[in-house]
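Trainee: Take this structure, written in structure tokens, and hold onto it; I'll ask about it next.
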Amino acid sequence: MATSSTTTSLNDLILAYQTRDKDSAGWKQQLGYIHRKLKEDIHHPDEHMFYQGICSLCMGDTPGYWVWLDSSLQKLKDDPTSRIDMLPQYPDYAELSTKELLEKLESDENKIYSKQSIYWELQSRYPEKIDLNFDFNQSTLKEIKILLKDVID
């Protein structure tokens, strides 16, 4: 695994990030190495936007940023000088209605909004209805809809 951005190629750094154990704690550091490589070695014109995106992801789940990150890393892996897409602008979880959140939670095509973050938003809105210890998984969606029936009808 890469330990320094100065001795490892951008491709190797991206590959290390993409093939990591998804539960590993080092993902933020790996993204930092990629950013440093873009900034110091490649002098990539979009390095600041990349930095903004990864900082936002490190602080929390910004809608659409995980999809943007995957796309950006693939572009940079294919060609380290290629321009990356602008950061996406989607409504934040708190800006969506409960009905919209539930629709996104139900949708298998939703890649913009994290199901776990939707669940946390619903818990914060309705703590008396959704227990903090309630284990979210796809089979509990019906239970959540029943608990929130009075606020979505």
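Trainee: Grab the eigenvalues of the alpha-carbon gyration tensor for the chain, scale each by 5, take roots, and send me the semi-axes largest first in whole angstrom.
Mentor: Result for the chain: semi-axes of 36, 16, 12 Å.
Trainee: Among GLN52, ILE42, GLY32, flag the residue with its Cα farthest along the positive direction of the charge dipole of the chain, charges on Cβ as +1 for Lys/Arg and -1 for Asp/Glu.
Mentor: ILE42
Trainee: Determine the dipole magnitude for the chain: charges of +1 sit on the beta-carbon of Lys and Arg, -1 on that of Asp and Glu, nothing else is charged, the reference point is the Cα centre, and the result goes in debye to the nearest 20.
Mentor: That gives the chain a dipole magnitude of about 260 debye.
Trainee: Given a Förster distance of 41 Å, report the FRET efficiency between LYS145 and VAL67 from their Cβ-Cβ distance, rounded to the nearest 0.05.
Mentor: After rounding to 0.05, the efficiency reads 0.95.
Trainee: How much length is gained if the chain between GLN116 and HIS43 is pulled fully straight, taking 0.36 nm per residue apart and subtracting their Cα-Cα distance, in nm to one decimal?
Mentor: 22.7 nm
Trainee: Using a Cα-Cα cut-off of under 20 Å, which aspartates and glutamates could be cross-linked to LYS37, ignoring same-chain neighbours fewer than 8 residues away?
Mentor: ASP12, ASP46, GLU47, ASP70, ASP78, ASP79, ASP85
Trainee: Sticking with this structure for a sec: Mind checking which aspartates and glutamates have their C-alpha under 14 Å from LYS149, skipping anything on the same chain fewer than 8 residues away?
Mentor: Cross-link targets: GLU100, GLU103, GLU128.
Trainee: Pairs LYS22/LYS129; LYS75/LYS142; LYS28/LYS99; LYS111/LYS142; LYS39/LYS104: which exceed 29 Å Cα-Cα?
Mentor: Over 29 Å Cα-Cα: LYS22/LYS129; LYS75/LYS142; LYS28/LYS99; LYS39/LYS104.
Trainee: I'd like the carbon and sulfur percentage of the solvent accessible area for segment 55-153, probe radius 1.4 Å, heavy atoms only, ligands and nucleic acids excluded.
Mentor: Solvent-exposed carbon and sulfur of segment 55-153 make up 53 percent of the total.
Trainee: Also: Could you provide, to the nearest whole Å², the per residue accessible area of the chain with probe 1.4 Å?
Mentor: The answer is 59 Å² per residue.
The values are calculated or read from the model by the stated rules, or taken from the named source; none is laboratory data. In this text the structure is predicted, and so the values were computed from the model without any measurement. In this analysis, Cβ positions are derived from the backbone assuming ideal geometry, glycine residues included, and neighbour counts consider all displayed protein chains. Note: areas computed on protein heavy atoms with side chains; ligands, DNA, RNA excluded. Shrake-Rupley method; radii C 1.70, N 1.55, O 1.52, S 1.80 Å.
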